[in-house]
Amino acid sequence: MFVGSAQAAKLMGVSARRICQLLSSGRIQGAFKIGRSWIIPLIDGMPKVSEGTRGPKARWRRKRPAPVTIIHVNQQTIRQNQKQEKPAPVISVKRGQNNTYGHEVEIHGPCRVVYRRDKPKPCGARVWIETLFGVEVLTLRMNE
């Protein structure tokens, strides 16, 4: 994937002027110029900058990834609901440190189903759904 100098500056957390300095000194690997614009390749999501000869080692700030939303269906609650008149919510939606419980979940974007037999979640779940997109949790209405 390739980006321009302004996008590279945002990714690295530096000014666009600093990117121009690095480009003019040939320190960004694989960068090339088309007309008046620089094209910078991304390696593992970041431009590859060779080390300079002066100063401390560079520590580029990388954006923190958005927390993954994990959706899990609780089997124990499903079993307990067979004996109860009012069903308890069985779906748990965890984003960061917050847990939300409901009966239905609508995912607004791509997601993936994960199965880890040998590495379950702390709650014991071996199968769950992960997404980076918004999730709407709905609760059951008693008149349905």
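Here are a few things to note about the model shown:
- Selection status of Arg62, among the basic types (Lys, Arg), modelled with pLDDT under 90 and surrounded by fewer than 17 Cβ atoms within 10 Å (Cβ to Cβ): yes
- Near pairs, Cβ below 7 angstrom, 6+ apart or cross-chain, from the stretch 84-98 (in contact (Cβ under 8 Å) with a residue 40 or more places away in the chain and farther than 10 Å from Thr139 by Cα) to any residue that is acidic (Asp, Glu) and exposed (fewer than 10 other Cβ atoms within 10 Å of the Cβ): none
- Looking only at the stretch 89-139, and only at residues there that are more than 17 Å from Pro67 (Cα to Cα) and of a type in the set (D, E, K, R), the one that is surrounded by the most Cβ atoms within 10 Å (Cβ to Cβ): Arg126
- Residue ID - nearest to the chain's Cα centre (by Cα), chosen from residues in the stretch 104-125 that are closer than 16 Å to Ile91 by Cβ and among the small types (Gly, Ala, Ser): Ala125
- Restricting attention to the stretch 35-48 and to residues that are β-branched (Val, Ile, Thr) and at pLDDT 90 or above, the residue that is farthest from Phe133 (Cα to Cα) turns out to be Ile39.
- Once the stretch 21-52 is narrowed to residues that are among the β-branched types (Val, Ile, Thr) and free of Cβ contacts under 8 Å to residues at least 24 places away in the same chain, the residue that is surrounded by the most Cβ atoms within 10 Å (Cβ to Cβ) is Ile28.
The values are calculated or read from the model by the stated rules, or taken from the named source; none is laboratory data. This one's a predicted model, so the numbers in the text were calculated from it and none came from an experiment. Because the Cβ atoms are built from the backbone with ideal geometry, glycine has one as well, and the counts that use them run over all protein chains shown.
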